[in-house]
1. Sticking with the crude label model, points 7 Å out along Cα→Cβ, report the distance from residue 67 to residue 132 in nm, one decimal please.
2. I'm a student and want to see the number: the projected area of the Cα convex hull of the chain, averaged over all directions, in nm².
3. Students often get this wrong: which residues of the range 48-76 have the backbone nitrogen under 15 Å from the point 7 angstrom along Cα-to-C-beta of residue 35?
4. To the nearest 10 degrees, how steep is helix 45-68 against the longest Cα principal axis of the chain, on a 0 to 90 scale?
5. Below 8 Å between Cα atoms, with a sequence gap of 6+, how large is the relative contact order for the range 12-132 in percent?
6. Angle check, please: helix 15-39 long axis (alpha carbons) against the longest principal axis of the chain (alpha carbons), in degrees 0 to 90, nearest 10.
7. Taking the 0 to 90 degree range and rounding to the nearest ten, how far is the long axis of helix 89-107 tilted relative to the main principal axis of the chain, both from C-alpha atoms?
8. Quick check on the range 69-133: take the gyration tensor over C-alpha atoms, sort the square-rooted eigenvalues as a ≥ b ≥ c, and tell me if it's rounded (a/c under 1.5), prolate or oblate.
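What follows is calculated from the coordinates using simple rules that are stated; it is not laboratory data. If you're wondering where the values come from, they're calculated on a predicted model, not measured in any experiment. Cβ: placed from backbone, ideal geometry, glycine included. Neighbour counts: every protein chain shown.
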């Protein structure tokens, strides 16, 4: 699939946008890691996952900005996943993992499990590492 095959709402993104989104991705990742370390994770799992999700979204934007000169802007998460898949399928899988947890972590009543927390951390870290290349 080439980038022109992906029909998504996007916004133009230059090097400044790429660097800014990467900086935000690193900030979200660092704060999530810090919160998890300071509290042993379980009592702040939902907050940490929410931060990991935001880290992943920002990293995905940085990846797309660097590769395509644009990133997803719409509310449909599937559009963001598809756009990222046009650049890196493995990265899009990581973004899908994170976005699949977003609603439950941020708006649900039941807590995120330790397993999901670890999964979110791995997915976010993978995306931030790819965006940093």
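1. If labels sit at residue 67 and residue 132, their model points lie 1.9 nm apart.
2. Projected over every direction and averaged, the Cα hull of the chain covers 7.3 nm².
3. The answer is 48-57.
4. Between helix and principal axis, roughly 10 degrees.
5. Values: 184 pairs, mean separation 40.4, N = 121.
Rounded, it is 33 percent for the range 12-132.
6. 10
7. In the chain, helix 89-107 runs at an angle near 50 degrees to the longest axis.
8. It comes out oblate by the Cα gyration axes.
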